[in-house]
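Q: Structure incoming, see below.
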Amino acid sequence: MALFKKNKPKNVCVLLDSNTARVLARGSMEGPPEGMNLQITIFEGNILDVVNTEHVQIVPADETMSPRLGHVIQRRGDMVIMETLRNLTGSEVRENLRMPVDFETFLYPTDGTPGRWTAQANDLSCGGISFFSQGQFAVGSQLEVVIPITRTAPLLLPCQLLRQRDEGDGTFFYAAKFLSLLNEQESMIREAVFNVQLKSMQRLRR
């Protein structure tokens, strides 16, 4: 008997609650992806969450496709038909795709200071990362940080520190923004954030 592999979904997108940035589901866009009404087959998550959410962000995994804001106007089985309300800007997507994370990582100063510092990640988005570290760095300084949770190999990304807070126990909290990301790197971070959000959502439903 011949065995056939199930085709991977095409034009994958993630659907988020526009108000809370909570991931609702993942789906595959059917038909023209730039049409006024989108047909999206849900293959992960709860379709009722999508139907019952007033404003939904539709964020394609393919960074060349425009993210949009929409709402459900019809459901057919595991498919929803969504009316597009407007296109979303890149900054709107970056601001909403921020997720608490918990992984150990490494920091490398780029100002000529030798050495490697350990850090504990706090949250991650397409725009930046926050973390705790015993290293003491000035606001405005630049570092390279390892992102170990991306799909293939870990990413080593340049970032600039925006805020610092002394935790009083020998560690410091930092918020940083990424610098000069390539489209492929941003897409990998976005996918990693989606996966963390979806796993978190699945654990809450068990």
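The values are calculated or read from the model by the stated rules, or taken from the named source; none is laboratory data. This is a predicted model, so every value here is computed, not measured. Reconstructed Cβ throughout: ideal geometry from the backbone, glycine too, with neighbour counts over all protein chains shown. Please note that ligands, DNA and RNA were not included when accessible areas were found on the heavy atoms of the full protein model with its side chains. Shrake-Rupley method; radii C 1.70, N 1.55, O 1.52, S 1.80 Å.
Q: Considering only protein heavy atoms, what is the solvent-accessible area of Glu191 at a probe of 1.4 Å, reported in Å² to the nearest 10?
A: For Glu191, solvent-accessible area is about 60 Å².
Q: Separate question: Percent of Cα-Cα pairs more than 20 Å apart in the range 64-200, please.
A: The answer is 52 percent, as a whole percent.
Q: Using a 1.4 Å probe, how large is the accessible area of Leu69, given in Å² and rounded to the nearest 10?
A: 20
Q: Using R₀ = 35 Å, calculate the FRET efficiency as 1/(1 + (r/R₀)^6) where r is the Cβ-Cβ separation of Val51 and Asp102; round to 0.05.
A: Working from the Cβ atoms, E equals 0.65.
Q: What's the extension gain from Thr41 to Arg75 if we count 0.36 nm per residue and subtract their Cα-Cα distance?
A: Extra length from Thr41 to Arg75 when fully extended: 11.3 nm.
Q: Counting just the Cα atoms, what span does the range 144-191 cover along each of its three principal axes? Round to the nearest Å and put the largest first.
A: 37, 19, 16
Q: Scattering from the C-alpha atoms of the range 103-169 alone, worked out with Debye: what is log10 I(q)/I(0) at q = 0.22 1/Å?
A: -0.99
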